[in-house]
1. Would you confirm, using the coordinates I've provided, whether residue 69 is more than 22 Å from residue 172 (Cα to Cα), charged (D, E, K, R) and part of a helix (DSSP H, G or I)?
2. Of (1) in contact with a strand residue (DSSP E or B) (Cβ under 8 Å, 6 or more places away or on another chain); (2) at positive phi, residue 318 satisfies all except one. Which?
3. Could you please let me know if residue 360 is assigned to a helix (DSSP H, G or I) and in contact with a strand residue (DSSP E or B) (Cβ under 7 Å, 6 or more places away or on another chain)?
4. Of all the residues that make up the stretch 456-491, how many are in a loop (DSSP other than H, G, I, E, B) and among the β-branched types (Val, Ile, Thr)?
5. Any residue that is at pLDDT below 95 and of a type in the set (S, T, N, Q) - is there at least one of those in the stretch 403-412?
6. If only one of 294, 311 is exposed (fewer than 15 other Cβ atoms within 10 Å of the Cβ) and more than 21 Å from residue 463 (Cβ to Cβ), which one is it?
7. For the stretch 89-168, list the strands (runs of 3 or more DSSP E) that sit wholly inside it and hold at least 1 residues that are surrounded by 21 or more Cβ atoms within 10 Å (Cβ to Cβ); which are they?
8. Go through the stretch 35-70 residue by residue and tally those that are free of Cβ contacts under 8 Å to residues at least 40 places away in the same chain, over 23 Å from residue 198 (Cβ atoms) and in contact with a helix residue (DSSP H, G or I) (Cβ under 8 Å, 6 or more places away or on another chain).
Amino acid sequence: MLLSDILRELDSRVITGDTACEVTSVEFNSKNVSGGSIFVAIIGFNNDGHSYIGDAIARGASCVIVDSERKGYGEEELAEMVAGTKCVVAEMKDTKKALALAAASLYGHPEKQIDIYGITGTKGKTTSSFMLRSILEAAGKKAGLIGTVCNIIGDEKVNSVHTTPESSNIFSMMRSLRDKDISNLVMEVSSQGLKLDRVYGISYKAAAFTNLFEDHIGKNEHPDMADYFNCKLKIFDRCDTAVVNLDCAQAADVIAYASPRCRVLTYGTGEEADFRASDIKLERRGHVTGTKFKLTGNYISGEFFVALPGKFNVSNALCAITMAYCAGCDTDSMISALASISVPGRMQPVENNLGLNILVDYAHNAAALESAIDTLKEYTEGRVITVFGCGGNRSTERRFLMGEVSGRLSDYTVITSDNPREEDPKAIIDNIEIGMKKTSGKYEIEPDRASAIKLSIAMAKPGDTVLIAGKGHEDYQIFGKTKIHFDDVEQAYKAVLEIQGGVK
């Protein structure tokens, strides 16, 4: 595509250079720049993209777009930097938006050719997204997925770096979906994705708000809960239907914001919900621990079984059902998809012939761990044995709280390592133990995570539940600058096979 056509859509100002050239990609990381690339310099929390302009030019950038609010890099200096090259320098007021607009233009505005379903909230985004995609596929509607666990484009799965990628990557993936004749996309939309304009220019056929809890408050995230909440509300600024969890504490405020902008549908367990779950009962079907419920309301009804434990997963299912209704899916597709749903690292079962309930879950803070253990206690005839650790270079307070929660609620805890990163694993475990000792909970320490998982399964008896918490879908461990392959599900299944004598 001609650079001149792209810059025209951006309403940018050309500082120097001939725009009658072709471009082939839009990049925010100078390392990815090659001949034909547009490099967009973004002012971030820790790094200023303008300091990488020289690298982008050296790598053959066809154009550099700078922010009008940049510090330094005056027009004369920029002109000197591109002297002797064919690189164009253009300026725009907000380069975060420029990145989205340039990518949308270059990739042929795929956002206008795809039905996009966005889900935001502190908890439930990943599970609800996988549920919705499964329903769409069961209904014969091919769908891609962008989220925390992975990005799915047709038959290709790619591990995620961010829950919501940078806008240029999103538009590139949407173009790939269109090239594969896939016309639906389910997206987890993080508060950071909304705050930093990673989803700028995207409209949603339906957008859901699951809940809001204290999280992501910090120097490089949100200064306070008000900012966190207000950023999430931005998802309804370009939306056909808002889907709101009527059971969440902020439901009235969310509806008040969304209702002047779009249609609103609600889900929950109260009589007022448009999609209401009642008669919620735990149920086990073979190796699957799940929940049965009755769906009633103003639009569809039926008996449902969701193949994941806990009332919170009934809420996630209601979110997916309501979104699927907006997509025109039939009830039978909803029922069949949810009955066989499996979400990587979200109450993910590990098959065994030991009479145990072994689950891998991403619970990595106190609130999530408490919810997970409380849920599993309802399904467990014997003991709940929890194995977990905490990540390094993260909140120390989180370690105290998680130790206290597991000590108070679990019948037995095995404290181990997670991703220690730059910290001493023993120091992290010591912090967890401080919280544990505030309770009368029984526990032991095994720093090696693989050994801890095997230990927890080996000590369990028929009727017990083993919860392996903290890492969920992650398939790695980080020690300093070393990253190794490590998957909780793989390790648990390996331990099961050893205990079963190699019999599958």
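1. Numbers: more than 22 Å from residue 172 (Cα to Cα): yes; charged (D, E, K, R): yes; part of a helix (DSSP H, G or I): no.
In short, no.
2. In the conditions (1) in contact with a strand residue (DSSP E or B) (Cβ under 8 Å, 6 or more places away or on another chain); (2) at positive phi, residue 318 misses (2) alone.
3. no
4. Initially, the stretch 456-491 is screened for residues in a loop (DSSP other than H, G, I, E, B), giving 460-464, 470-475, 480-481, 486-487.
Checking which are among the β-branched types (Val, Ile, Thr) leaves us with none.
Residues that pass the stated criteria total 0.
5. No, the stretch 403-412 contains no residue that is at pLDDT below 95 and of a type in the set (S, T, N, Q).
6. Details: 311 fails: exposed (fewer than 15 other Cβ atoms within 10 Å of the Cβ).
Only one candidate passes the filter, namely 294.
7. Numbers: elements: 115-120, 143-146, 150-153, 156-159.
Result: 115-120, 143-146, 150-153.
8. 3
The values are calculated or read from the model by the stated rules, or taken from the named source; none is laboratory data. Being a predicted model, the structure only gives us computed values, none of them experimental. Positions of Cβ are generated from backbone atoms using ideal geometry, with glycine treated the same way; all protein chains shown enter the neighbour counts.
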